[in-house]
1. Is it fair to say Lys403 is farther than 30 Å from Leu130 by Cα, of a type outside the set (A, V, I, L, M, F, W, C) and part of a strand (DSSP E or B)?
2. Do you know which of the residues in segment 239-248 that are in contact with a Gly (Cβ under 8 Å, 6 or more places away or on another chain) and part of a loop (DSSP other than H, G, I, E, B) is surrounded by the most Cβ atoms within 10 Å (Cβ to Cβ)?
3. In segment 43-60, what residues are under 24 Å from Asp313 (Cβ atoms) and open to solvent by less than 60 Å² (accessible area, probe 1.4 Å)?
4. Criterion first (within 20 Å of the chain's Cα centre (by Cα) and basic (Lys, Arg)) does Lys99 satisfy it?
5. How many residues does segment 94-123 contain that are under 18 Å from Ala197 (Cα atoms) and open to solvent by 30 Å² or more (accessible area, probe 1.4 Å)?
6. Which one of these is open to solvent by less than 20 Å² (accessible area, probe 1.4 Å), small (Gly, Ala, Ser) and more than 21 Å from the chain's Cα centre (by Cα): Ala236, Ala258?
7. How many residues, within segment 71-90, are within 12 Å of Val51 (Cα to Cα) and buried (at least 19 other Cβ atoms within 10 Å of the Cβ)?
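The values are calculated or read from the model by the stated rules, or taken from the named source; none is laboratory data. Everything numeric here is computed off the predicted structure, so don't read it as measured data. Methodologically, a virtual Cβ is constructed for each residue, glycine included, from the backbone with ideal geometry; neighbour enumeration extends over all protein chains shown. Please note that ligands, DNA and RNA were not included when accessible areas were found on the heavy atoms of the full protein model with its side chains. Shrake-Rupley method; radii C 1.70, N 1.55, O 1.52, S 1.80 Å.
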Amino acid sequence: MARKVAALALGFALTLTACGGAGEDDGGGGGSAGAPGNTAGFDGKTIKLGVLTPLSGTVAVIGQPLTAGNEVWFEALNDKGGVAGKYQVELVQEDTQYKTDIAVQKYNKIKSDVVAFTQVLGTAPTLAVLPQLRTDKILAAPASLDALWVREDNLLPVGGPYQVQAINAMEYYFNDGGGTTSDRICTMIQDDVYGEAGQQGIDFAAEKYGFKVTNTQRFKVGTENYAGQIGALAGASCQMVFLVATPSDAAKIWGTAAQARFAPQWFGQSPSYTGALAKSAVAPYMQQSVLIVSEGTEWGDSSVPGMTQMVGDAEKHAPDQEPDYYFAFGYNQARAMTAVLEKAVELGDLSREGILRASAELGTVSFDGLTGDYRYGPAADRNPPRSSTIFGVDPAKPFGLKKIKYNFSSDAAKEFEFKKADL
């Protein structure tokens, strides 16, 4: 996905409260402020939410299942009466093709028809629409894990940021993966704001753990030939490489590395993976050399509270949906938005300003161990989860991933500070 996407928590399963709520705040049944009045995107019965996502193109492998996660959460919620047990939710979807100019066009097309956006997929697309979100006083949930989102009043992030993933990956490498600070540690990053998010985390870890980044290779989305970058990493004798990519590019990168017999320890940031890779020709190489840093747990892992609910909802509302952690991220993202909407109903105001106020007054939302709890409230005071899970590739597992180390937080990740985007 992109920095300043995708990202991503695996196997989010979240239990609806009796009144259809999503957070831990009380009063989700309508509140004492009276019923909210009609406003843009709300006709007194139905709440409309926008979705800006790539439904076509190479990044549709993320956008389609992630949007399905949004849909399943809200369909299950509607079955229970809807937001606050009384208001149905309708999604208004537009295909951004993972292009910033199209994302802005589609945003302007539907902004007057929705109360908020429950998904804007990708770091670059989110940055592209953020100035307008500020001007229009609209709340949006980024399907991206950049650290910049934490301090944005107009954004509703979920999960541990990409920078946290990178820092925790280094913690695992040194403490559990046999690595040392004298190893030749390298990075290969998408040449945009998404790539820079992962690089920022590695650079922060380098300062905290006392290692140097030996070599960094950048690439454009959709590059066809990665022989040059792989050759440079091999020439630098890299022993560990942190990769920031989306699945289509990651497949070609790891395929090129396998052909070149270059086999360092790879760590892939969460959006670099998709389940199809575990069924591809590059799977044996990935089993040997690739770990994925993400969130949550394996699909169907009943040892983590809430998993049964999500799987059950998927089986009922999307019976053809295969295990997919992008689906899980979208499901979880919708849970956070539901918590905001129920707070807005409690306050009696589903207008744009009312929803922003509700977001600022929202407390901690629990995600039942499938990602860390997120402390919301005023953007300046938010505290996102600092936890990650390390996965290995295993074609026998749902979605092709097995958990190696679940839901851990490094001391270094806890020290990372979040700053507001300077636009």
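1. Yes.
2. Ala245
3. Thr46, Ile47, Leu49, Gly50, Val51, Leu52, Thr53, Pro54, Leu55, Ala60
4. Yes: the conditions hold for Lys99.
5. The total comes to 2.
6. Ala236
7. 1
Table: residues versus (1) open to solvent by less than 10 Å² (accessible area, probe 1.4 Å); (2) under 26 Å from Lys99 (Cβ atoms).
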site	(1), (2)
Gly178	no, no
Gly198	yes, yes
Asp203	no, no
Lys208	no, no
Gly222	no, yes
Ala232	no, no
Ala250	yes, yes
